[in-house]
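J.: Okay, here's the structure, questions in a sec.
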């Protein structure tokens, strides 16, 4: 690798924090130790714990950005990144452990591939370290009806890491747990959509970048370990609400084709999911899906107006239903798709 080229790119690692003192205590040391090629920032989303005082006392050299409100992941990062001078932003969750030499493969890819706008490293599970992690695994994809999945993770089936994804490859979306993006592109697509608050906003961001012709890459030579669910666990109905609502938002804004037919089919599939939650005696999650749909209907006019502004909508990677493939045809692994 050309060391001069690595030095030319200015990298800003920005960790968004909300009441996460314990996570900062546990994971910030690895970021500082293994990120000499970058400047580390902590963006605090109006925490009510003593996160900021802890940082000022323990890490006085760390740059702290204090947002005045907790606007979630989307607004939190939009506010924090406004005044940071860098070529590349790394949006990094506070529950991530990075590893030695995790940055050079990322920097090399950005240096050599000028059309690559967004990159994700390999995400492994912090608690089951030889397995991929749910939130991003080895890079994200999306099906015709807006359901996301990953190389290494389809719904709740998670693959063991046997080196099968040690490559560098084109993907559709990069995980918000660790997303590198060129500042120029972030500004060009007007950052994250703050209406999302949290969850799925990175997929919307990536899809908008794709629609402008930019490339998104997974770099398997860079490895991190992610806890996942540190802010909202999968058992929290609010997470179900955000995932289903924001998925509909993303699909309506960005998908190519007859959006009314696509959305109609998607709503039917969501209904099946709601019934499944009822059968599993999880009525709060069923209610969360219904609330997500009503919220979507209320914002449909705005979403359709945003859709009109997207001129170069591209085709999804999987032109079928990942739901039917998984539950009906038992296609549980990426290689079987």
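J.: Output yes when any residue across region 184-193 is in the same structural domain as residue 147 (by TED's automatic domain parsing) and touching a strand residue (DSSP E or B) at 6+ places or on another chain (Cβ under 8 Å), and no when none is.
T.: Checking region 184-193: at least one residue is in the same structural domain as residue 147 (by TED's automatic domain parsing) and touching a strand residue (DSSP E or B) at 6+ places or on another chain (Cβ under 8 Å).
For (1) within 20 Å of residue 94 (Cα to Cα); (2) in contact with a helix residue (DSSP H, G or I) (Cβ under 6 Å, 6 or more places away or on another chain), each residue gets a yes or a no:
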| residue | (1), (2) |
| --- | --- |
| 143 | no, yes |
| 146 | no, yes |
| 152 | no, no |
| 158 | no, no |
| 166 | no, no |
| 190 | no, no |
| 200 | yes, yes |
| 206 | no, no |
| 213 | no, no |
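J.: List pairs: first in region 1-21 and assigned by TED's automatic domain parsing to the domain that holds residue 71 and part of a loop (DSSP other than H, G, I, E, B), second surrounded by fewer than 13 Cβ atoms within 10 Å (Cβ to Cβ) and at pLDDT 95 or above, Cβ under 8 Å, 6+ apart or cross-chain?
T.: Here the result reads 10/85; 19/48, each pair linking region 1-21 to a residue that is surrounded by fewer than 13 Cβ atoms within 10 Å (Cβ to Cβ) and at pLDDT 95 or above.
J.: While we're here: Output the number of the condition that residue 287 fails; it satisfies all remaining conditions of (1) out of contact with any helix residue (DSSP H, G or I) (no Cβ under 8 Å at 6 or more places or on another chain); (2) modelled with pLDDT of 90 or more.
T.: Of (1) out of contact with any helix residue (DSSP H, G or I) (no Cβ under 8 Å at 6 or more places or on another chain); (2) modelled with pLDDT of 90 or more, only one is false for residue 287: (1).
J.: Of these, 222, 169, which one is in a strand (DSSP E or B), surrounded by fewer than 21 Cβ atoms within 10 Å (Cβ to Cβ) and either at positive phi or in contact (Cβ under 8 Å) with a residue 24 or more places away in the chain (or both)?
T.: 169
J.: Considering only region 225-261, state which residues are outside any helix (DSSP H, G or I) and surrounded by fewer than 19 Cβ atoms within 10 Å (Cβ to Cβ).
T.: Once the filter is applied, which keeps residues that are outside any helix (DSSP H, G or I) and surrounded by fewer than 19 Cβ atoms within 10 Å (Cβ to Cβ), region 225-261 yields 229, 230, 232, 233, 234, 235, 236, 256, 257, 258.
J.: Residues of region 270-281 being free of Cβ contacts under 8 Å to residues at least 12 places away in the same chain and surrounded by 16 or more Cβ atoms within 10 Å (Cβ to Cβ), which ones?
T.: none
J.: It is to be established whether one or more residues within region 252-269 are within 14 Å of the chain's Cα centre (by Cα) and without any contact (Cβ under 8 Å) to a residue 60 or more places away in the chain.
T.: Among the residues of region 252-269, not one is within 14 Å of the chain's Cα centre (by Cα) and without any contact (Cβ under 8 Å) to a residue 60 or more places away in the chain, which makes the answer no.
J.: Looking at region 208-217, can you tell me whether even one residue there is surrounded by fewer than 17 Cβ atoms within 10 Å (Cβ to Cβ), in contact with a strand residue (DSSP E or B) (Cβ under 7 Å, 6 or more places away or on another chain) and in a loop (DSSP other than H, G, I, E, B)?
T.: So far as region 208-217 goes, no, none of its residues is surrounded by fewer than 17 Cβ atoms within 10 Å (Cβ to Cβ), in contact with a strand residue (DSSP E or B) (Cβ under 7 Å, 6 or more places away or on another chain) and in a loop (DSSP other than H, G, I, E, B).
J.: Among the residues of region 173-203, how many are assigned to a loop (DSSP other than H, G, I, E, B) and in contact (Cβ under 8 Å) with a residue 12 or more places away in the chain?
T.: 12
J.: Is it fair to say residue 137 is closer than 20 Å to residue 207 by Cα, without any contact (Cβ under 8 Å) to a residue 40 or more places away in the chain and surrounded by 15 or more Cβ atoms within 10 Å (Cβ to Cβ)?
T.: So residue 137 fits the description; yes.
J.: Do you know which of the residues in region 225-235 that are at negative phi and in contact with a strand residue (DSSP E or B) (Cβ under 8 Å, 6 or more places away or on another chain) is modelled with the lowest pLDDT?
T.: 227
The values are calculated or read from the model by the stated rules, or taken from the named source; none is laboratory data. Just so it is clear, the model here is predicted, and its values are computed rather than measured. Positions of Cβ are backbone-derived with ideal geometry, glycine not excepted, and every protein chain shown enters the neighbour counts.
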